[in-house]
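One structure below.
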Amino acid sequence: CGVNVHPLGPDGELFSPHGGYFLETAFLRGRWRDDLSGIDWELGEALKVAPEQSSVGCCEPALALTGEDRLLCIMRCQGDAAHGIPSLKFSALSEDGGLTWSTPEPLRYDDGELVHSPASLAEFVQPSYGNEVYWIACISPEPVYAQVPRYPLCIGRFDAERLCLIRDSIRVIDDWHEGLPKDVRYTNWGSYEDRLSGEIVLTLPEEPRTSWEDLTSDCYRYRIEMGG
């Protein structure tokens with residue numbers, strides 16, 4: 001279970017190097033008691049990024065299990081144009097079920113280049129019928145410095161050993177098109193695996209449909225055929 005933590009500074013006040021909030025990420029691991037009377041929770045160490053790497057720290061972790069206790073984590077980190085900080089995703093690895101973590105590093109493609117992504121939701125997808133790990137997120141062709149644009153929405157294979165995104169595997173799920181506002185967001189979706197077809201199904205509200213004054217929006221269902 002992932003949680004956000006707001007650390008304190010040396011003065012005992014909330015640490016806020018850029019103003020506003022500044023977050024860390026941690027995971028709670030629960031174990032049923034032998035008598036099944038309840039769950040005991042254990043909090044792992046916090047994952048941290050420096051103020052020079054993100055204006056608000058790290059939050060909204062995406063998690064993948066690739067071994068008995070081996071966990072991959074990718075976190076949302078927001079940039080700051082005034083300080084020349086791009087919005088990136090940061091990745092880390094745990095070999096003990098989330099109790100300790102490697103130092104978070106910016107997510108990169110398999111060719112070593114940075115993956116540019118706005119400060120927005122991301123998700124790991126692991127189909128039940130194979131060993132491959134996929135990653136869904138808004139991926140930008142160039143650096144972005146805040147929470148938008150949240151398009152195009154993409155899916156790609158993730159190399160769980162090298163902790164990188166395989167560039168040639170990336171496919172666009174949806175993108176901005178004529179008639180939509182420039183600040184439309186392909187984000188905050190839900191997902192599940194269709195047990196009959198094996199497809200990954202996304203349910204996503206297209207926000208906003210017209211403008212942020214008109215909060216009505218359509219919810220779309222995307223069916224993604226995996227493999228091949």
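The values are calculated or read from the model by the stated rules, or taken from the named source; none is laboratory data. Quantities reported herein were computed from a predicted structural model and do not represent experimental measurements. Please note: Cβ atoms are built from the backbone with ideal geometry, for glycine as well, and neighbour counts cover all protein chains shown. Quick note on the areas: whole protein, heavy atoms, side chains included, nothing else; ligands and nucleic acids left out. Shrake-Rupley method; radii C 1.70, N 1.55, O 1.52, S 1.80 Å.
For region 213-226, filtering for residues that are exposed (fewer than 10 other Cβ atoms within 10 Å of the Cβ) and not charged (D, E, K, R) leaves 1. Only one of these conditions is not met by Glu105: (1) within 26 Å of Leu202 (Cβ to Cβ); (2) in contact (Cβ under 8 Å) with a residue 12 or more places away in the chain; (3) open to solvent by 40 Å² or more (accessible area, probe 1.4 Å). Which number is it? Evaluating Glu105 over (1) within 26 Å of Leu202 (Cβ to Cβ); (2) in contact (Cβ under 8 Å) with a residue 12 or more places away in the chain; (3) open to solvent by 40 Å² or more (accessible area, probe 1.4 Å) leaves (1) as the failure.
Could you list all residues from region 126-173 that are of a type in the set (S, T, N, Q) and either under 20 Å from Gln78 (Cα atoms) or touching a residue at least 12 places away in the same chain (Cβ under 8 Å) (or both)? Explain how you work it out, then say what you get.
Restricting attention to region 126-173, the residues satisfying the condition of being of a type in the set (S, T, N, Q) are 126, 128, 131, 140, 147, 169.
Across region 126-173, the qualifying residues are Gln126, Ser128, Ser140, Gln147, Ser169.
One residue stands out among those in region 1-40 that are free of Cβ contacts under 8 Å to residues at least 12 places away in the same chain and of a type in the set (Gly, Ala, Ser): the one that is farthest from Asp69 (Cα to Cα), which is Gly19. May I ask you to list the residues in region 81-95 that are free of Cβ contacts under 8 Å to residues at least 40 places away in the same chain and loosely packed, with under 13 Cβ neighbours inside 10 Å? Correct list: Ala82, Gly84. The number of residues in region 147-173 being over 28 Å from Ser94 (Cα atoms) and open to solvent by less than 40 Å² (accessible area, probe 1.4 Å) comes to 4. Based on what the data block shows, is Leu8 surrounded by 13 or more Cβ atoms within 10 Å (Cβ to Cβ) and either aliphatic (A, V, I, L, M) or closer than 28 Å to Asp183 by Cα (or both)? No. Answer yes if at least one residue in region 124-138 is in contact with a Cys (Cβ under 6 Å, 6 or more places away or on another chain) and open to solvent by 10 Å² or more (accessible area, probe 1.4 Å), and no otherwise. The answer is no; no qualifying residue exists. Screening Met75 against (1) more than 17 Å from Leu163 (Cβ to Cβ); (2) under 11 Å from the mean Cα position of the chain (by Cα) leaves a single unmet condition, (1).
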